[in-house]
Amino acid sequence: VRVVIGGPGGGGSGVPINNGQRINGIMGSQAFGTNLNKDFNKRTQLRSSYFYNQLNHNITQDKERLNFFPSGDFNFSEKSRQDNQSVNHRLNLIVDHKIDSLNSFRSTTNVQLTQLDNVSSSVTANRDQEGSLLNRGLRSNMVFGNSYQANSELLLRHRFGKPGKTISANLTFGLNGSDLEGSLNAENEFFGQSPSRENIEQLNFQNNQSFNYGINTAYTEPLGGRKYLELYYNFRQNHNDVNREVFDWLDDNLVFNQNLSNKFNSLYTYHRPGANFSYNSGKYNFVAGLAMQATQLRGELVLWDEQVNNSFRNLLPNMQLNYSFSNTKNLMFNYQTTVNEPSIEQLQPVIDNSDPLNIYIGNPELRPAYNHSWRVNYNSYDMGKFVNLFANAFLNFTENAIVNAQSIDDRQIRTISPVNVRNNVLAGANVNFGFPIKQLKSRFNIGPNINYSQGFNQINALEDIIRIQNLGGNARYDFNWKEFVNFGLTANVSRQSTAYDFRQDQNQLFLNRSFGSDLGINFLNKYTFSSTFTYLSYTSRSTGFDESIPLLNLSFSRFVLKNNIGEIKLAGNNLLNQNIGVVQRADVNFIEQTVTNNLGRFVMLSFTYRLNNKLNPMGNMGRMGSGMRMMRIQN
């Protein structure tokens, strides 16, 4: 079960809230892995691994959405199904070599191959506030093919004879590609004053190739008196070739569709020189730096004989201060600036009609977003009384923020395109306070929090301000009696409100709550019983939405073999058979509720062999924790 509250910016920019670790849909997986590690000598080590995974993921969803537009509201409904299958191979290699006492290198290589076969279908409808049909559609998509990626890094390090004086270089190389085929079949019907019907039958072929390389260098010079100067330079180039061909079926013939096809070549170049000054004293550490980031994108839309040329330059200051009041009390302040350049997909003025009622088109006029981030942290821990206090506050301010503007025509076809807006603001604070009560063999943790965001967006060419506020907190109580009984209670409450400038009558208010308990009992030095119960409650005071879901897991274990290194475990999961997932979202101009299928009640029998207990017979912690799992058999 998941609840998502969207932030300013739209385009699915919601913030997910974890509440139960449940995965939407029914998932089947087969996996195998192995590793080979070898120390050739004291200077050279090899670490390698191979993993194989086959995944089948079936998802069915019922979605209801209320859309707010200045011209009027309408209701959207969708029933959809996905059947996704993939086969994945991964190979990892790491080589560490110490050339001598002052020089070393580390090589890391990752290779991944994926085969996929995805099929999806949906039935959608838009209705006005009186319930009359505005449009409806049937759609089916299929995508299958292969993709690959290979990434490699070589890190060279040299230490000079002078303490603190070092130089390093990190060389990077990457290769990515995909060869995919797909189809789109859609039937759309439009009602109103000018009824019409359209059928879409298309095939598409997409071949993408990407090649990148770069170097990161850093030189550190001690200035004396615990002062250091770091000089660095980062360089990266990325070459992309995108070839997407779309064909329409017309009179049993395939006809090339230039408007939806895309042949694009690009060269992305990135330079970032910079310097940092640091000072380390007994009480505090101080770092201040400045970098200049220059990026250049040169691209060609082959089918349209158009060029995309963008160059950006930005100064990026940063500062960090750490102050230690004592070994257990610390205050940290951090200021950082970053630049988020538009992606190639966002810059290409090419239409994506994979959902014909929700069309996406890029914007070649996009500018990078410039972000300022301030953060303050305070940590305190009393080792004698076992009392801890953590406090955190942050503020993010983004200039030229990139958001997804929306427009809708008289047939209720929505077009989405990225644009720059003036700024977005995100701020928040949270506190965590924990303390024991020794007489009760208990411990309490309390954590209130607040978050606020404000941002601009565009709806039908009108700029709107969206404000989201989240007030909440969590609490936990733990009771421990020696090694035999562990008992805990938890609570988490969140009140989230969304306010729109252009339609104040549609402001939203959500209340999300979760309560839980967990119990562990160890007896006769060989047996363990454990249980967890979680009660999830989600309500919307604006729409009347109310959903409560209880989750119960029980397990019983018997430890076997010498030093309890083996465990036979019978576990019952989701015993109350809650086999749906619920998502509730509020975004730029809509509220949405989605119900998704989930795995219901199931029972699992497993055997676990803990290698670390065999290597360390004194570490008989099998009853209370989990070690390295060598073999697992489950039904």
FRET E, pair Leu331, Leu611, Förster distance 45 Å, beta-carbon r, rounded to 0.05:
0.60
Using alpha carbons only, how many angstrom separate the centre of region 267-312 from the centre of region 524-567?
48
What is the distance, in nm, between label points placed 7 Å from the Cα along the Cα-to-Cβ direction at Ala461 and at Ala31?
5.2
Give me the accessible area per residue for the chain, probe 1.4 Å, as a whole number in Å².
53
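Filter the trypsin sites (Lys or Arg not before Pro) in region 433-468 down to the DSSP loop ones having no more than 15 other Cβ atoms within 10 Å, then list what survives.
On the way: sites: Lys438, Lys441, Arg443, Arg467; in loops: Lys441.
Counting only loop positions with at most 15 other Cβ atoms within 10 Å, the trypsin sites (Lys or Arg not before Pro) in region 433-468 are Lys441.
Residues with beta-carbon under 15 Å from that of Glu153, excluding Glu153: net charge, scoring Lys, Arg +1 and Asp, Glu -1?
+3
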Restricting to lysines and to Cα separations under 25 Å from Lys438, and discarding same-chain partners fewer than 8 apart, the set is Lys329, Lys385, Lys482
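Please pull out the direction-averaged projected area of region 406-446, using the convex hull of its alpha-carbon atoms, in nm² to one decimal place.
6.7
If R₀ is 22 angstrom, what is the calculated FRET efficiency for the pair Asn185 and Gln115, using the beta carbon separation as r and rounding to 0.05?
Working: r = 23 Å, r/R0 = 1.05.
After rounding to 0.05, the efficiency reads 0.45.
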Quick one: net charge around Phe277, please, counting Lys, Arg +1 and Asp, Glu -1 for every other residue with C-beta under 15 Å from its C-beta.
0
Determine the share of region 506-571's accessible area contributed by carbon and sulfur atoms, expressed in whole percent, with a 1.4 angstrom probe.
60
In whole Hz, the Karplus estimates of ³J(HN,Hα) for region 83-96 (6.51, -1.76, 1.60; θ = phi - 60°; x where Gly or Pro) are 10, 10, 10, 8, 10, 10, 10, 10, 10, 10, 9, 10, 10, 10
What accessible surface, in Å², does a 1.4 Å probe find on Trp374, ignoring ligands, DNA and RNA and rounding to the nearest 10?
90
Label-point separation (nm) for Tyr381 and Leu570, each offset 7 Å from Cα along Cα-to-Cβ?
4.1
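What does the extension gain come out to for Phe529 and Asn265, with contour length at 0.36 nm per residue minus their alpha carbon separation?
On the way: separation 264, 0.36 × 264 = 95.04 nm, distance 6.04 nm.
The Phe529-Asn265 span can extend by a further 89.0 nm.
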Solvent-accessible surface (1.4 angstrom probe) belonging to Val595, in square angstrom, nearest 10
60
What's the ranking of 379-385, 363-369, 197-203 by average number of surrounding C-beta atoms within 10 Å, highest first?
363-369, 197-203, 379-385
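What length, rounded to one decimal in nm, is gained on full extension from Phe277 through to Gln469, with 0.36 nm per residue of separation minus their alpha-carbon distance? Before the final figure, lay out the partial values.
On the way: separation 192, 0.36 × 192 = 69.12 nm, distance 3.81 nm.
Full-extension gain reported as 65.3 nm.
Summing +1 for each Lys or Arg and -1 for each Asp or Glu, what net charge is found among the other residues whose Cβ lies under 13 Å from the Cβ of Leu171? Write down the numbers at each step before the final one.
Numbers: positive: Arg106, Arg157, Arg236; negative: Glu153.
It works out to a net charge of +2.
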Given the whole protein assembly as supplied and a 1.4 Å probe, what does the accessible area of His158 come to in Å², nearest 10?
50
For Leu55 and Lys162, extending 7 Å from Cα along the Cα-Cβ vector and measuring point to point gives, in nm, a value of 5.1
Excluding same-chain residues fewer than 8 positions from Lys79, which aspartates and glutamates have a Cα within less than 12 Å of its Cα?
Asp62, Glu64
Please list, ordered by chain and number, the residues whose modelled amide H lies under 5 Å from the amide H of Gly164; skip anything fewer than 5 residues away on the same chain.
none
Looking at [x] 1.26; [y] 1.03; [z] 1.12, which value of Cα Rg over 2.2 N^0.38 Å comes from a calculation on the structure shown?
[z]
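The values are calculated or read from the model by the stated rules, or taken from the named source; none is laboratory data. For clarity, every value in this text was computed on a predicted model and none was experimentally measured. Don't worry about glycine lacking a Cβ; one is built from the backbone with ideal geometry, like all the others, and counts go over all protein chains shown. Ligands, DNA and RNA are stripped out before the accessible areas are found, and what is left, the full protein with its side chains, is counted by its heavy atoms. Shrake-Rupley method; radii C 1.70, N 1.55, O 1.52, S 1.80 Å.
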